[in-house]
1. Can you tell me which aspartates and glutamates have their Cα less than 18 Å from the Cα of Lys75? Leave out same-chain residues fewer than eight positions away.
2. All other residues with a Cβ under 13 Å from the Cβ of Phe70 taken together, and with Lys, Arg as +1 and Asp, Glu as -1, what is their net charge?
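Just so you know, all these numbers are worked out from the coordinates, no wet-lab data involved. Remember, it's a predicted structure, so these values are computed and weren't measured experimentally. Please note: Cβ atoms are built from the backbone with ideal geometry, for glycine as well, and neighbour counts cover all protein chains shown.
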Amino acid sequence: MKLAVVVVIVACASRGGGPTTQPVAPTAVLESKGSASAPDATTNYRIGPAGFPVPKDAATVEDTPPDHTFQIERKQAEVVTELKVNLAQMGFKIDDEYVEDRSHTHWYITKDAVTYKVTVAGDSNDRTLIILTVE
């Protein structure tokens, strides 16, 4: 009977039915990807006026408090998506969003009793403006 058990175990192991050789690898891979991607998502901005996350590739066009304007040489949709991720990760809350048309999105954002009025506007040359007023 011992021989039969050994034969069954060998038969299962040879067909792939035995224990896996890397039971922890998928979990470790997922965990390492998750922890590695979080810092990457937050390194694409710099801290701007009143702690607002301004894309790193944004050029300052106007800096006259409380108004600030930045220009980014990328499409508006990409900038809007990036801003939403960064804002959420940093604890900002978009209280109101108004999409005027395909090229103008307006937000009222709050964090720590500070209100931010933001307009993200794109143009036909794939440039985006962020117009920020800190109240």
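1. Asp57, Glu100, Asp101, Asp123, Asp126
2. Details: positive: Arg46, Lys56, Arg74, Arg127; negative: Asp57, Glu62, Asp63, Asp67, Glu73, Glu82.
Surrounding charge for Phe70 is -2.
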